[in-house]
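Asker: One structure, pasted below without further comment.
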Amino acid sequence: MVNDHGRRWRFLTSHAHVLLAIARDPGIRLRDIAAHCHIAERTVQSIVADLEHADYLSRERRGRRTRYTLRLDGMLHHPAEAHLSVRELLGIFPPHQRGDEEDGPARTGSPRGLL
């Protein structure tokens, strides 16, 4: 989207896009997140580290793959959204999931809507 000044802007940050990609597929690879979000793989690595450091998710190695677990009951940190949980944020978006059939989505907290 381009505004009157010719600058591009977006409603969601790259951090939000990465969080949504992981919510939809907890076993997704970094390169697939990068392709889905239209950002560099190195940027995805940095964002995942940010999200883990902020306690929005954790990651566990399973063989050669990484599996992510979202902390759905964690609260958002920005003062304007501090009353919202990760679950509530993700609940705004469609529940499209590609997760593994046998493992199911890896998320903490009780399921509701997308989660």
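The values are calculated or read from the model by the stated rules, or taken from the named source; none is laboratory data. Since we're looking at a predicted model, the values are computed, not measured. FYI the Cβ positions are ideal-geometry reconstructions off the backbone, even for glycines, and counts take in every protein chain you see. Note: accessible area is taken over every heavy atom of the protein model, side chains too, but ligands, DNA and RNA are not part of it. Shrake-Rupley method; radii C 1.70, N 1.55, O 1.52, S 1.80 Å.
Asker: Looking only at segment 32-48, count how many residues are open to solvent by 40 Å² or more (accessible area, probe 1.4 Å) and either without any contact (Cβ under 8 Å) to a residue 12 or more places away in the chain or on the phi > 0 side of the Ramachandran plot (or both).
Answerer: Qualifying residue count, segment 32-48: 7.
Asker: Go over the candidates 27, 104 one by one and state the one that is outside any strand (DSSP E or B), open to solvent by less than 30 Å² (accessible area, probe 1.4 Å) and modelled with pLDDT under 95.
Answerer: 104
Asker: For residue 67, all conditions in the list (1) over 17 Å from residue 13 (Cα atoms); (2) free of Cβ contacts under 8 Å to residues at least 40 places away in the same chain; (3) surrounded by 15 or more Cβ atoms within 10 Å (Cβ to Cβ); (4) more than 12 Å from the chain's Cα centre (by Cα) hold save one; what is the number of the exception?
Answerer: Every listed condition holds for residue 67 apart from (2).
Asker: If you scan segment 49-64, which residues turn out to be under 16 Å from residue 30 (Cβ atoms), of a type in the set (Gly, Ala, Ser) and surrounded by 13 or more Cβ atoms within 10 Å (Cβ to Cβ)? Explain how you work it out, then say what you get.
Answerer: Let us first name the residues in segment 49-64 that are under 16 Å from residue 30 (Cβ atoms), namely 49-52, 57-64.
Checking the rest, the ones that are also of a type in the set (Gly, Ala, Ser) come to 49, 58, 63.
58, the sole residue that qualifies.
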